[in-house]
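What follows draws every value from the coordinates through simple rules; no lab data is involved. A quick note: this is a predicted structure, and the numbers were derived from the prediction, not measured. Cβ placement follows ideal geometry from the backbone for every residue including glycine, while neighbour counts extend to all protein chains displayed.
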Amino acid sequence: MGKEGRLLLKHILESSGPHSTSFSWLSSSSDEKIFAKMKDGYNACLDEKSLHSIGPQPLIDILRELNHVYSTHSLTGAIYFLMSIGVETPFTLSVGADDKDPDSNVVVLAPPYSFGLPSKQHYNQTTLLDFYKETARVALEALLEEADDIGAPISLSSLHLPEIVDVLNRKIFNDMVDYESRIALSAPDPDYVQDVNKTYNIRTLDEVEAYIPAISVKAIIGNLTNGIKPSKIIVWSPDYLESLADIMASQKHEVIYTYLMWKVIQSYGLEVDSPAVEPLRKFNNKLRGMQPEAKSERWKTCVDAVDGILPWILSRFFVERTFSEEAKDFGDKIVHDIKNQFVAKLKHSAWMTESVRQLAADKSPDITNAEDLSYYYSNVTIHSDAHFANRLSSTRNDIKRTWAKLGHPVDRDEWIMSAPTINGYYNAPGNEIVLPAGIMQAPYFYGLTVPSYLSYGVFGAIAGHELSHAFDPTGASYDQNGNFTDWWDDSTLTAFERKSQCFIKQYENYTIPTKDGPIAVNGKLTLGENIADAGGVIAAFQAWRENEKRSADLLLPGLANFTKEQIFFLAYGMSWCDKSREEEAIDRIHTDPHSPNALRIKGTTANSRDFRKAFHCAAEEPVCELW
Ligand SMILES: [Zn+2]
């Protein structure tokens, strides 16, 4: 979320009611109701006095429940319990559109999104791992002590040294981090999961059950689906599951159990106010290159919390406040113009789809309908003095909602990003692009009162980027209905791969500076995004030029030294200006399929003939070009 967007949401959340912030308010009792619910969620998070007096109790309650489930229902029960409250386990189960049958929902079994540290590379840093082990040990020890103090101890005799009751055995934490390292390192690399050809492996329930003898995946799926037996399961990485089974087989119970407790603390620890979880904060801050005690301002944390707990209610009031009918029409026009540019280009390319689907007009739930929203969140319980319970209720409900989709057709109008989000996405099985209202604000989108080359240069390039994902290595595997098929012939494929090699090489030559020397961009991991960046800006520029022919834009006063073409590219570059801490930049280079922002400017302009012409470069030929 951007700075301006967050400030605006603060203003909305701290106002007395929807009527005082909206441009065009049509008040209804449902609106008052959902506004009050949203404010309760925000206030519960802001109420540091209550949080302080509640202390670590809600976190301890979860650890106690885990202990109970683990000792009575074994590991399978424990994994199911953690999945039902959104805690990362060594594998994830989810429901989503079937790549080969995009109108049906299917169960997906995949490695977790994150293991505990931000990237595989972190598991090779000995000093960091030592700090990690000690953080886990100290935090868990303090929480167990707190549990004793409140008179409800969690019995974990196997974790203690035999002779000293209050001290947790360091060896278990060594083994636990070793266990986490081994599973993290056996997971596929981030570029593997970009390739649907590799991740689409159909298995039966019985085949899935055979992978990990220590856990009944079948029983977990049965619990999550309320007994529905899926006929097939998509397994992203069979190799990973085999390694996981081996690693688990050689591991002691108490190590795996400690690992599960640690995942709970990592997920929920910072939702409570207690000295017991401070080591976790310090460790997370170190990972991000921040001061040990650094804490973001509470209101910022709480705006983000509401965006996580009640995203669509927040979206309603955000859109109400920021979005006019004219702005939406202008945004639609830009997307439409860019789509036309693509369609024109595709006509000359035998290997591309005939048309790009109409943008999804509405979504689920309908954020313009307060009653719909009220119903959508009717099972999420929000109290103005129970921040932890609010988050838990929202998470449990999200997970239930996800699993309830099984057996029902895919809702093609569903969105995965809330309206204030500054981002966009291309959804391959849906063959659609989604651009939330958050991205339709300056400095990405400017209204009708500003020359249109600014909006085409930024918002247009982003829309073009998302559209061109339809033709990148992943999108190319889907036809116009979102079906995952091999519809390219061999010669097309060869030509595409040759062109891709150019992009891979180009970006591999780019580096980011670090105190230990430069680190090169991963050309393969970022290939799809780099192609989308190149295609997006080319299509946006041409769309703007067509528009310019119909109605010419004015020059910007004070910037008359620049041509309109040049300002188009300046606006594009400005939108990617940023500053990030070295630690974060390094994490991203290992895990993010997007190139670092500065290189998104450098690489994309190097690949744009129009940019080179606009700035009178000696050579107008682009470095790499797909279309
Ligand atoms: Zn992208």
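Angle between the Cα long axis of helix 29-46 and the longest principal axis of the chain, 0 to 90 degrees, nearest 10? The angle comes out at about 60 degrees.
Each Lys or Arg adds one and each Asp or Glu subtracts one; over the other residues with Cβ under 13 Å from the Cβ of PHE173, this totals -2. Computed over the chain, the alpha-carbon pair-distance distribution with 10 angstrom bins reads 3, 14, 23, 27, 21, 9, 3, 0, 0, each value a whole percent. Potential lengthening of the chain between LYS232 and HIS383 amounts to 50.3 nm, from the contour at 0.36 nm per residue minus the alpha-carbon distance. Rounded to the nearest 10 degrees, the angle from helix 253-268 to the longest Cα principal axis of the chain is 50 degrees. The stretch between GLU293 and CYS577, if pulled fully straight at 0.36 nm per residue, gains 99.4 nm over its current Cα-Cα span.
Using a cut-off of 11 Å between beta-carbons, work out the net charge of the residues near PRO311 (Lys and Arg +1, Asp and Glu -1, PRO311 not included). Don't skip to the end; give the middle numbers.
On the way: positive: ARG316; negative: ASP304, ASP307, ASP398.
Net charge in that neighbourhood comes out at -2.
Taking label positions 7 Å along the Cα-Cβ direction at both HIS253 and ASN423, the computed distance is 4.1 nm, reported to one decimal.
Peptides 529-541, 586-598 ranked from most to least packed, by the mean per-residue count of other Cβ atoms within 10 Å: 529-541, 586-598. Only beta bridges with both residues in the stretch 58-272 are counted; by DSSP, about 75 percent of them are antiparallel. Inter-label distance, LYS505 to GLU621: 1.2 nm, where each label sits 7 Å from its Cα along the C-beta direction. Hey, with R₀ at 41 Å, roughly what FRET efficiency would SER84 and ASP332 work out to, going by the Cβ-Cβ distance, to 0.05? After rounding, the FRET efficiency stands at 0.55. Its Cα centre serving as origin, the stretch 58-272 has a Cβ charge dipole (Lys and Arg +1, Asp and Glu -1) of approximately 380 debye.
Taking Lys and Arg as +1 and Asp and Glu as -1, the other residues whose beta-carbon sits under 13 Å from that of GLY447 total -1. By the beta carbon rule, with partners counted only under 4.7 Å, the chain holds these lone Cys residues: CYS577, CYS617.
Let me spell out the model: positive unit charges on the Cβ of Lys and Arg, negative unit charges on the Cβ of Asp and Glu, origin at the Cα centre of the chain. What dipole size does that give, in debye rounded to 20?
Using Cβ point charges on Lys, Arg, Asp and Glu, the chain gives about 920 debye.
With the simple spin-label model, which puts each label point 7 Å out from Cα in the Cβ direction, the ASN561 to THR92 separation comes to 4.9 nm.
Mind checking the full-extension length gain between GLU546 and ASN369? Use 0.36 nm per residue of separation minus the Cα-Cα distance, one decimal, nm.
60.0 nm
Taking a point 7 Å from the Cα of ASP148 along the Cα-to-Cβ direction, the residues of the stretch 251-285 with backbone N closer than 18 Å to it are 275-277.
Please report the relative contact order for the stretch 157-313, taking Cα pairs under 8 Å with a sequence separation of at least 6, and give it as a percent rounded to a whole number.
This gives 21 percent for the stretch 157-313.
Counting only DSSP H runs of at least 4 residues, each contributing -39500 (n - 2.57), and dividing by the residue count of the chain, the helix-based mean residue ellipticity at 222 nm comes to -16500 deg cm²/dmol.
Return a whole-number percent for the relative contact order of the chain, with Cα pairs under 8 Å and 6 or more residues apart as the contact set.
Values: 904 pairs, mean separation 111.3, N = 627.
Contact order relative to length: 18 percent.
Note on the stretch 58-272: semi-axes of the ellipsoid equivalent to its C-alpha gyration tensor, largest first and rounded to whole Å, are 32, 20, 15. Of the cross-linked pairs LYS218/LYS295; LYS263/LYS505; LYS39/LYS333; LYS328/LYS405, those separated by over 32 Å at the C-alpha level are LYS218/LYS295; LYS263/LYS505; LYS39/LYS333. Expressed as an acute angle from 0 to 90° and rounded to the nearest 10, what is the orientation of the C-alpha long axis of helix 387-404 relative to the principal long axis of the chain? Tilt relative to the chain: about 70 degrees. Projecting the Cα atoms of HIS253, LEU93, MET38 onto the charge dipole of the chain (Cβ charges, centred on the Cα centre) puts MET38 farthest toward the positive pole.
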